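Notes follow once the structure below has been shown.
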Amino acid sequence: MNILVTGGCGFIGNALVRLLVADGHLVGNVDKLTYAASPAALLDLDDHPRYRFWQTDISDRHALGRILEELRPEAIFHLAAESHVDRSIEGPRPFVETNVLGTYTLLETVRTHLSTLNELQQPKFRLIHISTDEVFGSIPEGEYAEETRRYDPSSPYAATKAAADHLVRAWSRTYGLPTIVCNCSNNYGPWQFPEKLMPLMIIKALKGQELPIFGDGLQVRDWIHVDDHVAALLAIMRQGEPGASYNISAKDECTNIALVSAICDRLDAIAGPLSSGLPRLELVRHVADRPGHDRRYGLSAERLRQDLGWQPTRRLKSSLDDIIDWYLEHETWWQPLMKRPDPISRKGAR
Ligand SMILES: NC(=O)c1ccc[n+]([C@@H]2O[C@H](COP(=O)([O-])OP(=O)(O)OC[C@H]3O[C@@H](n4cnc5c(N)ncnc54)[C@H](O)[C@@H]3O)[C@@H](O)[C@H]2O)c1
């Protein structure tokens, strides 16, 4: 199949692009290459006969239209987004521009593209929109949000993702676009931009720098390996119901402080304690909580498990050592990124 991925140079996008190419598809990648992009993750595909790249903003309707004419995709995965909650609090505008208006532009361009497909191609076409568990807001202990739960976003990031989800569903109901919305929990894995909790804490702990933790650190996040996420996306492309939504979660909950503690213990074990002789956990500094910080996320992925037979293959506890090792081995990638001037003052969990 010919498949277009938006945001394919991002953390989840590059894992998806590699999976789709390995699965035998011709994959086009549209990415604006913002600060968060990691083109290095796809260097090995540069000359691959089944990979194309366009440095393009999804808000550029003419450019997007030309790409769709050229690639003639039978499926589109939409991942391009501004994705960091703290940045959305400091400056929400790019979030509205890309996550809301960019999604609108993509939907309109796809509507035109769909009208050029023949009667055999049209029913098979899918637009798969990648969204987040954050659209549901904080979930009380013991509850797991199902796809039908009322949206209740807390941050500007979550609100723009919720708006995009609503646009996608409206374009399905009103214009008959065969869309599927996927809401996934917190991803971990290689190539995550080092402003997000896990890589940031690994790098800071390695360097012996302070580890800022929002509030008491007892916020619960629901973790999934990025490879399990993209495997779910592939299953959804093959068997997902057009017009439906699917939650993607490994139901693997961990508090932020427990995660940071596990990272510190592992680094102490492989790199030794700090030069002061103290364990790295002593680097933790509790800072003022993020405004509107959701206490807990928890998703039910029963629909995905029962209808499509998807199962996560990894647990956070047994994967963490490998992830830490990966970041230690890829210092040449993240070191220059850490030296860039950073306009945001808040830093912590996604
Ligand atoms: N990371 C997570 O844990 C997580 C969880 C659930 C859902 N999501 C969603 O998955 C998607 C991907 O997340 P990620 O963590 O890989 O994000 P990321 O920030 O790592 O990557 C985003 C990519 O989109 C590109 N991009 C941004 N604006 C663009 C524009 N206007 N036009 C074209 N490209 C643009 C960037 O250059 C970057 O390569 C996002 O939609 C996000 O909301 C992420």
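Read the figures in this text as sums done on the coordinates, not as results from a lab. Small disclaimer: the values here were computed from a predicted structure and weren't measured. Cβ atoms come from the backbone with ideal geometry, glycine included; neighbour counts cover every protein chain shown.
Under a plain spin-label model, where a point goes 7 Å from the Cα along Cα-to-Cβ, how far apart in nm are residue 238 and residue 138?
4.0 nm
May I ask you to list the residues of the range 115-158 whose amide nitrogen lies under 13 Å from a point 7 Å from Cα along the Cα→beta-carbon direction of residue 326?
none
Taking Cα pairs under 8 Å and at least six residues apart, what relative contact order does the chain come out at, in percent?
Relative contact order for the chain comes out at 18 percent.
List the residues whose amide H sits under 5 Å from the amide H of residue 8, counting only those 5 or more places along or on another chain, with H placed 1.01 Å from N in the peptide plane.
Here 30 satisfy the definition.
Let's see if you can work this out: charge +1 on each Lys and Arg Cβ, -1 on each Asp and Glu Cβ, no other charges. What is the dipole magnitude of the chain about its Cα centre, in debye to the nearest 20?
400 debye
Are there any trypsin sites (Lys or Arg not before Pro) in the range 41-92 that are in a DSSP loop and have at most 11 other Cβ atoms within 10 Å? List them by number.
For trypsin sites (Lys or Arg not before Pro) across the range 41-92 that sit outside H, G, I, E and B with at most 11 neighbouring Cβ atoms in 10 Å, the list is empty.
Compute the length gained on full extension between residue 333 and residue 101: take 0.36 nm times their separation in residues and subtract their Cα-Cα distance, giving the result in nm to one decimal.
Between residue 333 and residue 101, full extension yields an extra 80.4 nm.
Apply 1/(1 + (r/R0)^6) to the Cβ-Cβ distance of residue 22 and residue 318, taking R0 = 41 Å, and write down the FRET efficiency to the nearest 0.05.
0.95
R0 = 35 Å: FRET efficiency of residue 293 with residue 146, Cβ-based, nearest 0.05?
0.90
Of all the stretches in the chain, which is the longest one without any exposed loop site, taking GluC sites (Glu not before Pro) in a DSSP loop (any state but H, G, I, E, B) with at most 14 other Cβ atoms within 10 Å?
Answer from the scan: 211-350.
Taking 7 Å along the Cα-to-C-beta vector as the label spot, tell me the residue 35-residue 268 distance in nanometres, rounded to one decimal.
For residue 35 paired with residue 268, the spin-label model returns 3.3 nm.
Determine the shape class of the chain: with a ≥ b ≥ c the square roots of the Cα gyration tensor eigenvalues, call it rounded for a/c under 1.5, and otherwise prolate if a/b is greater than b/c, oblate otherwise.
Prolate, since a/c reaches 1.5 and a/b exceeds b/c.
Could you give me the ³J(HN,Hα) list for the range 184-191, computed from phi with Karplus coefficients 6.51, -1.76, 1.60 and θ = phi - 60°, whole Hz, x at Gly and Pro?
10, 7, 4, 8, 9, x, x, 6
Counting only helical runs of four or more DSSP H residues, what would the 222 nm mean residue ellipticity of the chain come to if each run contributes -39,500 (n - 2.57) and the total is spread over all its residues?
-12000 deg cm²/dmol
Under 1.5 on a/c is rounded, so check that first for the range 216-300, then, if it is not, pick prolate when a/b is larger than b/c and oblate when it is not; a ≥ b ≥ c are the square roots of the alpha carbon gyration tensor eigenvalues.
In terms of gyration-tensor shape, oblate.
Could you work out how far helix 156-175 tilts from the main Cα principal axis of the chain, as a 0 to 90 degree angle to the nearest 10?
Between the helix axis and the principal axis of the chain, the angle is about 20 degrees.
How many nm is it between the label spots at residue 69 and residue 117, if each spot is 7 Å from the Cα in line with the beta carbon?
1.9 nm
Rank-order 168-174, 229-235, 7-13 by packing density, defined as the average count of other C-beta atoms within 10 Å over each peptide's residues, highest first.
7-13, 229-235, 168-174
Quick check for me: using +1 on Lys/Arg Cβ and -1 on Asp/Glu Cβ, what's the dipole size of the range 192-350 about its Cα centre, in debye to the nearest 20?
360 debye
Between residue 278 and residue 1, what FRET efficiency comes out of the Förster formula 1/(1 + (r/R0)^6) with R0 = 45 Å and r the beta carbon distance, rounded to 0.05?
E between residue 1 and residue 278, to the nearest 0.05, is 0.25.
Quick check on my link table: of 161/204; 204/251; 196/339; 161/317, which ones sit more than 18 Å apart, alpha carbon to alpha carbon?
161/204; 204/251; 161/317
With the Cα gyration tensor of the range 8-47 giving a ≥ b ≥ c as the square roots of its eigenvalues, does the rule (a/c under 1.5 for rounded; else a/b larger than b/c for prolate; else oblate) give rounded, prolate or oblate?
prolate
Placing +1 at every Lys and Arg Cβ and -1 at every Asp and Glu Cβ, with all other atoms neutral, what dipole size does the range 129-223 have around its Cα centre, in debye to the nearest 20?
With only Lys, Arg, Asp and Glu charged at Cβ, the dipole is about 360 debye.
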